[in-house]
Amino acid sequence: MTITTANRVPACALLTELFQHPYLEEDASPSNAEQRRLHASLTARATEVCTTCPFFGDCLEVAVSGHDVAGFAAATTTRQRTRIRNLLGVRVSPDDMDAMIGILSSGRQIATHDVVRLRRAHPDEPLDFIAQSLGCSLSTVKRHLRRARAEAAEPTTLAPSRPGRAEILAAFESVTGIRRNAEEAEAA
């Protein structure tokens, strides 16, 4: 049976003791020489695994321009991915924790438009009136009103185009100093 990327599992999914180590999961700062050596060893091993992985190009693209991935991914740390994004002018939205907060007792989530609608309908009422009407906290109401103001203040522009793989790889090489040969880059 021929093994292709279609039926392979990325090494990071199999090497959990490496890729889920706290020094790679977070931007941890080792506090002594032994921890620094361990951190350097783990990072070097993970980098080697990542850069030789057949999924490297896809993984790097997603980690840089698709999602705000935490920890070590595609041979990069969180800080390195931030630097790559800055070089490329890429913005990714962090997970929307506000959407995960503010669940009504009925199990329905509070929506920004519900808060804004009630505020417009009752402009002279205090914010706690809206909170009580929706069955949520005052801080949830304030958070949704801040979000509505921020969205209204954002200028409408065309969505920037996402950088191509070649641009992302060039930025990766610039930030990390890791050079991939042409064959590896093409295969990715």
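Rundown of residues vs (1) closer than 18 Å to A166 by Cβ; (2) among the small types (G, A, S); (3) in contact (Cβ under 8 Å) with a residue 40 or more places away in the chain, yes/no style:
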{"site": "T16", "(1), (2), (3)": "no, no, no"}
{"site": "P22", "(1), (2), (3)": "no, no, no"}
{"site": "Q35", "(1), (2), (3)": "no, no, no"}
{"site": "R45", "(1), (2), (3)": "no, no, no"}
{"site": "E48", "(1), (2), (3)": "no, no, no"}
{"site": "T51", "(1), (2), (3)": "yes, no, yes"}
{"site": "C59", "(1), (2), (3)": "yes, no, yes"}
{"site": "A70", "(1), (2), (3)": "no, yes, yes"}
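Of the conditions (1) modelled with pLDDT of 90 or more; (2) on the phi < 0 side of the Ramachandran plot; (3) not β-branched (V, I, T), E125 satisfies every one except a single condition; which number is it? Unmet for E125, out of (1) modelled with pLDDT of 90 or more; (2) on the phi < 0 side of the Ramachandran plot; (3) not β-branched (V, I, T): (1). Of everything listed in (1) within 21 Å of the chain's Cα centre (by Cα); (2) in a loop (DSSP other than H, G, I, E, B); (3) modelled with pLDDT of 75 or more, the single unmet condition for S161 is (3). Inspect all residues belonging to region 41-55 and state whether any of them is surrounded by 13 or more Cβ atoms within 10 Å (Cβ to Cβ), touching a Leu at 6+ places or on another chain (Cβ under 8 Å), modelled with pLDDT of 90 or more and charged (D, E, K, R). Yes, that holds for at least one residue. Within region 69-84, the residues that satisfy the criterion of being open to solvent by 20 Å² or more (accessible area, probe 1.4 Å) and modelled with pLDDT of 85 or more are F72, T77, T78, R79, Q80, T82, R83. Residues in region 98-118 that are outside any loop (DSSP other than H, G, I, E, B) and either of a type in the set (A, V, I, L, M, F, W, C) or at pLDDT 80 or above (or both): A99, M100, I103, T112, H113, D114, V115, V116, R117, L118.
Please tell me if D95 is acidic (D, E) and either in a helix (DSSP H, G or I) or modelled with pLDDT of 80 or more (or both). It is false that D95 is acidic (D, E) and either in a helix (DSSP H, G or I) or modelled with pLDDT of 80 or more (or both). Scanning region 57-90 for residues that are in a loop (DSSP other than H, G, I, E, B) and among the hydrophobic types (A, V, I, L, M, F, W, C) yields V69, A70, F72, A74, A75, V90. Here is a check on your reading of the model: is V9 without any contact (Cβ under 8 Å) to a residue 40 or more places away in the chain, within 16 Å of T78 (Cα to Cα) and either of a type in the set (V, I, T) or not in a helix (DSSP H, G or I) (or both)? When the stated conditions are applied, V9 does not pass them.
The values are calculated or read from the model by the stated rules, or taken from the named source; none is laboratory data. Just so we're clear, the structure is a prediction, and the values are computed from it rather than from any experiment. When we count neighbours, we look across all protein chains shown, and the Cβ atoms used for this are built from the backbone with ideal geometry, even at glycine. In case anyone asks, the SASA skips ligands and DNA or RNA and just uses the protein heavy atoms, side chains included. Shrake-Rupley method; radii C 1.70, N 1.55, O 1.52, S 1.80 Å.
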